[in-house]
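Take a look at the structure below.
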Ligand SMILES: *Cc1c(COP(=O)(O)O)cnc(C)c1O
């Protein structure tokens, strides 16, 4: 049959032929350290559920109580009639947590990045971005009429060169991930903020993988380096370590005020169901009670050391994101399959997410994995690694 959609089957066939077609694993259990994936019981090293909050009963109970009080949906975009007092309570709790003047919440981290970069930057401006920044930052940059300049990963000498060449632009924005999602390394924020001061630039940090992980009680990358007040725009997400859903921008009151008026991904979309706000408030309470971030790091150190002792290449990771780099993409897919057959669930990461010769499986331990879970995973890695000739 003739149809304008015939290109879909051609495109899908091309993706499959080029090994770029990915199938979506399906959980028939709660998200946790042990899950049922595609019908199989496995230990998961494949989530961003760093603190294990995603199925924590305290979050579920907070959400249930909120449903009883506020109902389920909000029925309007926030600027029209969809803002409830619990939205403001959530934003205040986040601001307090981040030691920021104020916070604006977006429906997701991707919306926070897109909307904020688009609202802040325009014609005559320049955006200077680390080459390994997250796709949602790249999207935000593409939505502007600004000039774009990419600097090599974490290379502050090159960043300085770019800044020197960029002094004639109206505004300069340096944007970087705080923790890089594929390698688990940390941005050189002390040097970046120093350069930003010297070359009169705005700094924006995406802390999707820093929140709940780095700094006191998981306050993030800025707190980790004790750079409060030096980063103009802190973006983060409640979808990862906090086990909920949503993105936010933390900074000055004026920043929130301006974004509330101008960020299209805030203005033209409906806000969080109150149940999600209540869960976020509870998650922030829990993380600040202590213990969770410490458990995450205890498990991270144990597991990373275990992989390194076995002889795996874990790259430059400094955080719970620990890649096991094998090089060839076919080998990464095989390692993922072999581990899965042994009851360990990891995510193979291949081109174009990483360079063609840097294929890997990515592991992320959580605060709720037991020592027994981690030992089981390490044994499986040893068996698969030997069988496939990786170690
Ligand atoms: C996951 C992620 C986001 C998007 O956050 P969501 O809340 O899932 O939309 C943005 N930036 C980085 C670096 C991420 O890893």
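No value in this document is a laboratory result; all are computed from the given coordinates. Only a predicted model underlies this, so the values are computations on that prediction, with no experimental measurement involved. Heads up, the Cβs are rebuilt from the backbone with ideal geometry, glycines too, and the neighbour counts pull from every protein chain shown.
Rank these for me by crowding, 102, 177, 139, 68, going from fewest to most other beta carbons within 10 Å.
68, 139, 102, 177
Using 7 Å Cα-to-Cβ label points, what is the residue 81/residue 305 separation (nm, one decimal)?
6.0 nm
Find the centroid of the Cα atoms in the stretch 150-169 and in the stretch 46-111, then give the distance between the two in whole Å.
Rounded to whole Å, the Cα centres lie 37 Å apart.
Any chance you could list the semi-axes, whole Å, largest first, of the equivalent ellipsoid that the Cα gyration tensor gives for the chain, using √(5λ)?
After diagonalising the Cα gyration tensor, the semi-axes are 33, 27, 23 Å.
Contour minus end-to-end for residue 383 and residue 198, with contour as 0.36 nm per residue of separation and end-to-end as the Cα-Cα distance?
Length gained between residue 383 and residue 198: 61.4 nm.
Does the stretch 176-294 come out rounded, prolate or oblate, given a ≥ b ≥ c as the square roots of the eigenvalues of its C-alpha gyration tensor, rounded meaning a/c under 1.5 and, failing that, prolate meaning a/b above b/c?
Because a/c hits 1.5 or more and a/b fails to exceed b/c, the stretch 176-294 counts as oblate.
Share of antiparallel DSSP beta bridges in the chain, in percent to the nearest 5?
Here the share of antiparallel DSSP bridges comes out near 55 percent.
If I stretch the segment between residue 68 and residue 328 completely, what's the gain in nm (0.36 nm per residue apart, minus their alpha carbon distance), one decimal?
This chain segment gains 88.4 nm when fully extended.
Quickly work out the residue 17-to-residue 371 label distance, labels modelled 7 Å from Cα along the C-beta direction, and quote it in nm with one decimal.
5.4 nm
Using helices alone, what [θ] at 222 nm do you get for the chain, with -39,500 (n - 2.57) per DSSP H run of 4 or more residues, divided over all residues and rounded to the nearest 500?
-13000 deg cm²/dmol
Arrange 362, 58 by Cβ neighbour counts within 10 Å, fewest through most, would you?
Arranged by neighbour count, lowest to highest, 362, 58 become 58, 362.
Using Cα-Cα distances under 8 Å and only pairs 6 or more residues apart, what relative contact order does the stretch 57-288 have, in percent?
32 percent
Would you kindly state how much longer the chain becomes between residue 270 and residue 3 on full extension, computed as 0.36 nm times their sequence separation minus their alpha carbon distance, in nm to one decimal?
92.7 nm
Distances over 23 Å make up what percent of all Cα-Cα pairs in the stretch 57-288?
45 percent
Which order do 217, 228 fall in if you start with the one that has the fewest other Cβ atoms within 10 Å?
228, 217
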